[in-house]
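Remarks on the structure that follows.
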Amino acid sequence: MRIIAGKYRGRPLAALGKGDAAAHLRPTSDRVRESLFSMLTHHDVIENARVLDLFAGTGALGFEALSRGAQSVCFIENGRTGQKLIAENIAKLQTEADSKLLRHDATKLSPNPQAAFDLVFMDPPYGKSLGQKALAVVASGNWLAPDTLIVWEESTPMHAPEGFTKVDTRKYGDTHVTLLRNTPS
């Protein structure tokens, strides 16, 4: 796994190796990341964005955003294997100044005491409704700026819950990517 474009282009990320069978890590493939970031570039949401990477896994999506001009990224990951890989990648890419790893469950976050985020990546374990729970938590906890773009990866297309509008949906093999915008009342 490597960074596809931007200032870290071609830099390898920490090897997943055998990983932890219980971790269920399935990093977004290079092909899907390339297509996804092409779409995000078209929507002009990466440059100077504050990025929240929920269910971050290896952190590949957040690091790709940093490489392409995001201001900062906050990784939320509760699995030990994922936490270890993200910490290795922060050190490997030397992004300590603009990366933060929170070792929490994305479905049980406390309210955010800092500035809200402009771009959110959500890649929860498929088919367990964890994305819906995490989205409700961040929407009610000051994690989302007005008009935040949410990138949600799942095994099926996701419906826009109340307070969100579907912007786009794409299918890449067994991965469905749904783009949502929060539309707070």
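Among the residues of region 146-185, write down those that are under 18 Å from Leu40 (Cα atoms), of a type in the set (Val, Ile, Thr) and at pLDDT below 90.
Thr175 - this is the single residue of region 146-185 that is under 18 Å from Leu40 (Cα atoms), of a type in the set (Val, Ile, Thr) and at pLDDT below 90.
Under the condition of being polar (S, T, N, Q) and surrounded by fewer than 14 Cβ atoms within 10 Å (Cβ to Cβ), which residue from region 36-59 is farthest from Asp118 (Cα to Cα)? Don't jump to the end; show me each part of the working.
From region 36-59, those polar (S, T, N, Q) are 38, 41, 48, 58; that's our starting set.
Next cut, surrounded by fewer than 14 Cβ atoms within 10 Å (Cβ to Cβ) only: 38, 48.
On the way: Ser38: 17, Asn48: 9 Å.
Filtering first and then ranking leaves Ser38.
For region 78-185, list the strands (runs of 3 or more DSSP E) that sit wholly inside it and hold at least 1 residues that are in contact with a Phe, Trp or Tyr (Cβ under 7 Å, 6 or more places away or on another chain); which are they? Outline the logic, then answer.
Details: elements: 99-102, 117-122, 144-154, 164-172, 175-182.
The qualifying strands (runs of 3 or more DSSP E) are 99-102, 117-122, 144-154, 175-182.
What pairs come up if the first residue lies in region 149-165 and is within 18 Å of Leu119 (Cβ to Cβ), the second is exposed (fewer than 13 other Cβ atoms within 10 Å of the Cβ), and their beta carbons are under 7 Å apart, counting only those six or more places apart or on different chains?
Gly163/Pro184
When region 84-110 is examined, which residues are found to be among the polar types (S, T, N, Q) and surrounded by fewer than 20 Cβ atoms within 10 Å (Cβ to Cβ)?
Hits for region 84-110 are Gln94, Thr95, Ser110.
Of a type in the set (Gly, Ala, Ser) and without any contact (Cβ under 8 Å) to a residue 24 or more places away in the chain: is that true of Ala134 in this structure?
On the way: of a type in the set (Gly, Ala, Ser): yes; without any contact (Cβ under 8 Å) to a residue 24 or more places away in the chain: no.
No; evaluated as a whole, the condition is false for this residue.
Go through region 13-68 and give me each residue that's among the charged types (D, E, K, R), part of a loop (DSSP other than H, G, I, E, B) and either modelled with pLDDT under 80 or over 19 Å from Arg170 (Cα atoms) (or both). Can you show your working first?
The initial filter retains those residues of region 13-68 that are among the charged types (D, E, K, R), namely 18, 20, 26, 30-31, 33-34, 44, 47, 50, 53, 64, 68.
Checking the rest, the ones that are also part of a loop (DSSP other than H, G, I, E, B) come to 18, 20, 26, 44, 47, 68.
Within region 13-68, Lys18, Asp20, Arg26, Glu47, Arg68 meet the criteria.
Tell me which residues, restricted to region 141-185, are under 20 Å from Ala56 (Cα atoms), surrounded by fewer than 22 Cβ atoms within 10 Å (Cβ to Cβ) and of a type in the set (Ser, Thr, Tyr).
Ser155, Thr156, Tyr172, Thr175, listed by residue number.
The values are calculated or read from the model by the stated rules, or taken from the named source; none is laboratory data. Values in this document were obtained by computation on a predicted structure and should not be read as measured data. Here the Cβ is made from the backbone with ideal geometry for all residues, glycine too, and neighbour counts use every protein chain on show.
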